[in-house]
Amino acid sequence: MCFLLLPAIFRAQENVNEEIISKVAEEISSAEENATVLESLTDKLYELESDPVRINSGNFRESARLFFLSEYQIRALTEYVRTNGKIVSPNEISNIRGFDVTTARMILPFITFGDTHGALARRLWFRQTMLTSISLKPGTHDTTAAGSQIKALTKYRIETGHFSAGFTAEKDAGEKFLSGNPPLPDFLSGYISYTGNGLIKKVIAGDFSARFGIGTIINTGFRAGMSVAEPGFISSNCEIRPYTSTDENNFFRGAAVVLGGKDAEVTFFASRNRIDATTVTDCDSVNTYIRSLYTAGLHNTPGTLLKKDIVTESAWGINISGYFRNFTAGMLFTESTFSLPFMPSKSEPKDIFEFSGRKNLLAGFYYSAAIQRFILSGEAASGTDLHPSVVQSLTFVPGDRISFSFLYRYYSPAFCSFHGKGIFSGSTPANEEALSGTVKFEAARRLFISAGSEIKRSMWVKYLANFPSQSIRSEVRVKYLSEKLNIEALYNYHLSQSNLNELTGMPDIKEMKTNSFSLRLKYVPSEYFTSVTRADMKICTGNEAPGMLLSQDAILRFRVLPLRVWFRHCIYSTGGWDTRIYIYENDLVNSFSIPALSGKGTRTYLMAEWNIAGRVGLRFRYGITSKIVNADVEEFTDEIKFQVRVRL
């Protein structure tokens, strides 16, 4: 009863921020199909919420912490403060070149109008955050699994002044809860961090994530998707941050130091981490080699347990960067050494350029320059074998309501970066050359149109294409945004080439043409109810029937109870895997769910959250998927998730 009588203000801001964070996450993830990769996105958003950006600092590096803004918007925001003085209201942000009312509202939870001393005073408070999530699929029984089918995750963070520390522990479904000597969770990560304002900018001991430049050589965190109509968030900003995600291989374990003054920074880091790999032994059983890295992170069978932590990667790096008013540049040198040498099979032509040996030394240069209404950004990198990668982008904003972006990228077939997540559309940054262009136009006060196209070619053979192949992608997005009604229509065209697998006759090339249509309507009649309707259709050349999807969401908040409820019912029918449809789902805090729906069936979930004075949050999610496997047989799969989040 005491909780029910608490003033509504204690939960109002919490709910508003949560909704904006979900909106930003859904928008950024619209072109990304890997939910695991996107986990660090919500970590960064919640960090920004607890330590907001001081937009009146007039500092490019501080403004660049708003990573979901374009570099043009970041520079426009910084230059506006330097020229006109402090921003005093959110309405003023919407009048800055490159911004609109929607963008200004979106960044509000992550900024502060106060000065440095005010922000630091707030950080002197002792704060703790703990999050525990448990999920289970009741109908799943795997007798070969090493452990139970419960998936568990715990994250803890403590902050006081300039210091913070935390840990992450995770157990996937089928893994043992505790193993080893001493017994520990399957994945355990931790760190201690110091953030300063003087010569020493940051020190991290333990597990950390890094990004330098555009991210071609090193980016162990979030990478924006490659939608050609929304071309990602290209920025040359560098960062070292604590690692809080659950990718069990792509992070550094050791120490990092950032030293700097007003216009320059130097970053040193060293790491020694045990990672998963598939190994082979030669015929005389004397030498062992790495056949490939194992990146799934699942260790629930005898075979996958043999791959766990079998290789040690030692890495070091130094990054030097300079930040000036209209120009940013930097250089990066890094080396990774493995305890076992790589020896790919090279039994197929696509394996010829695979990395072999123990050491991988890379060097790169990146820059960003603002010249009136032009933004130029680029990065070039190579190893000692001189197989380069080059990325170059150009943004032109001739007016406040229209912008043009162009991007060229080239990755040599033999270029290898184990920790790179730059701008590429394949599984690895190698063997592709592409040119893309995008135009974004504010046609009316609330009407936004964006369109783009990309031509890409692979210079060498690749998976499912035993010849140099090419692809074309085009996309058009139309958005109408108002206080109560948002409408988005999306059209996507994709042409790709692969092997034509015929049993007889000469080998030939198969061209797959895909046309996708999507319509999304969001209606908010009041602050307590939100309705989201979505309809999709996907058509592919060939014998597959079109893919179709209808989805209805309802989000309810209550005037008195600190309770929110999400409900979705989705009907889908696709002719096969080629016409599969990805759809974003609301999930637990710091979690993503972007299932690929194929075949015929329905997907329904109900999620509820109980917030107690903004300090304790309880979430429960139940989902069920039905799928027709034969004409008269329907299979059901359900999942239960529970989460507790405490903020003190």
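The values are calculated or read from the model by the stated rules, or taken from the named source; none is laboratory data. Predicted model only: the values in this text are computed from it and were never measured. Virtual Cβ from ideal backbone geometry, glycine too; neighbours counted across all protein chains shown. Accessible surface areas use protein heavy atoms only, side chains included; no ligands, DNA or RNA. Shrake-Rupley method; radii C 1.70, N 1.55, O 1.52, S 1.80 Å.
Does Phe338 fit the bill of being more than 26 Å from the chain's Cα centre (by Cα), assigned to a loop (DSSP other than H, G, I, E, B) and among the aromatic types (Phe, Trp, Tyr)? No; evaluated as a whole, the condition is false for this residue. Give all pairs with beta carbons closer than 6 Å in which a residue from segment 445-464 that is surrounded by 17 or more Cβ atoms within 10 Å (Cβ to Cβ) and modelled with pLDDT under 90 meets a residue that is assigned to a strand (DSSP E or B) and of a type in the set (Ser, Thr, Tyr); count only pairs at least 6 apart in sequence or on separate chains. Within 6 Å, the pairs are Arg446/Tyr480. I'd like to know if segment 546-553 contains one or more residues that are over 29 Å from Ala104 (Cβ atoms) and touching a Leu at 6+ places or on another chain (Cβ under 7 Å). The answer is yes; a qualifying residue exists.
Listed conditions (1) more than 28 Å from Leu464 (Cα to Cα); (2) more than 25 Å from the chain's Cα centre (by Cα); (3) acidic (Asp, Glu) are all met by Glu313, apart from (2).
The rows are residues; the columns are (1) within 24 Å of the chain's Cα centre (by Cα); (2) among the hydroxyl-bearing types (Ser, Thr, Tyr).
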residue: Met506; (1), (2): no, no
residue: Lys510; (1), (2): no, no
residue: Ser516; (1), (2): yes, yes
residue: Gly542; (1), (2): no, no
residue: Asn590; (1), (2): yes, no
residue: Trp610; (1), (2): no, no
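Scanning segment 302-337 for residues that are under 25 Å from Ser427 (Cα atoms) and either touching a helix residue (DSSP H, G or I) at 6+ places or on another chain (Cβ under 7 Å) or polar (S, T, N, Q) (or both) turns up Thr304, Thr312, Ser314, Thr334, Ser336, Thr337.
In segment 50-71 there is at least one residue that is basic (Lys, Arg), touching a helix residue (DSSP H, G or I) at 6+ places or on another chain (Cβ under 9 Å), modelled with pLDDT under 85 and within 29 Å of Phe327 (Cβ to Cβ).
Within segment 560-585, the residues that satisfy the criterion of being out of contact with any Cys (no Cβ under 7 Å at 6 or more places or on another chain) and farther than 27 Å from Phe529 by Cβ are Ser573, Thr574, Gly575, Gly576, Trp577, Arg580. If you check Leu563, Leu549 for being under 19 Å from Thr602 (Cα atoms) and touching a residue at least 40 places away in the same chain (Cβ under 8 Å), only one passes: Leu549.
Number of residues in segment 539-552 that are at pLDDT 95 or above and of a type in the set (D, E, K, R) equals 0. Exactly one residue among Ile571, Ile555 is under 29 Å from Ala152 (Cβ atoms) and open to solvent by 20 Å² or more (accessible area, probe 1.4 Å), and that residue is Ile555. Taking segment 196-230 as the range and being in contact with an Asp or Glu (Cβ under 9 Å, 6 or more places away or on another chain), under 12 Å from Arg241 (Cα atoms) and surrounded by fewer than 20 Cβ atoms within 10 Å (Cβ to Cβ) as the test, only Lys201 passes. Summed over segment 465-495, residues that are over 30 Å from Pro388 (Cα atoms), open to solvent by less than 60 Å² (accessible area, probe 1.4 Å) and either in contact with a helix residue (DSSP H, G or I) (Cβ under 7 Å, 6 or more places away or on another chain) or part of a loop (DSSP other than H, G, I, E, B) (or both) total 2.
Taking the criterion of being more than 15 Å from Gln392 (Cβ to Cβ) and of a type outside the set (S, T, N, Q), the residues of segment 430-450 that qualify are Ala430, Val439, Lys440, Phe441, Glu442, Ala443, Ala444, Arg445, Arg446, Leu447, Phe448, Ile449. Filtering segment 46-98 to residues that are free of Cβ contacts under 8 Å to residues at least 60 places away in the same chain, closer than 25 Å to Tyr243 by Cα and small (Gly, Ala, Ser) leaves only Ser63. Check off (1) under 24 Å from Gln73 (Cα atoms); (2) surrounded by 15 or more Cβ atoms within 10 Å (Cβ to Cβ); (3) within 28 Å of the chain's Cα centre (by Cα) for Arg373 and give me the number that stays unchecked. (3) is the only condition that Arg373 fails.
Residues in segment 574-586 that are farther than 30 Å from Gly617 by Cβ and hydroxyl-bearing (Ser, Thr, Tyr) were compared, and the one that is surrounded by the fewest Cβ atoms within 10 Å (Cβ to Cβ) is Thr579. Inside segment 56-106, residues that are within 24 Å of the chain's Cα centre (by Cα), in a loop (DSSP other than H, G, I, E, B) and among the hydroxyl-bearing types (Ser, Thr, Tyr) make up a count of 1. When you look at Val589, is it part of a loop (DSSP other than H, G, I, E, B), open to solvent by 60 Å² or more (accessible area, probe 1.4 Å), more than 26 Å from Phe467 (Cβ to Cβ) and among the hydrophobic types (A, V, I, L, M, F, W, C), yes or no? Answer is no for this residue.
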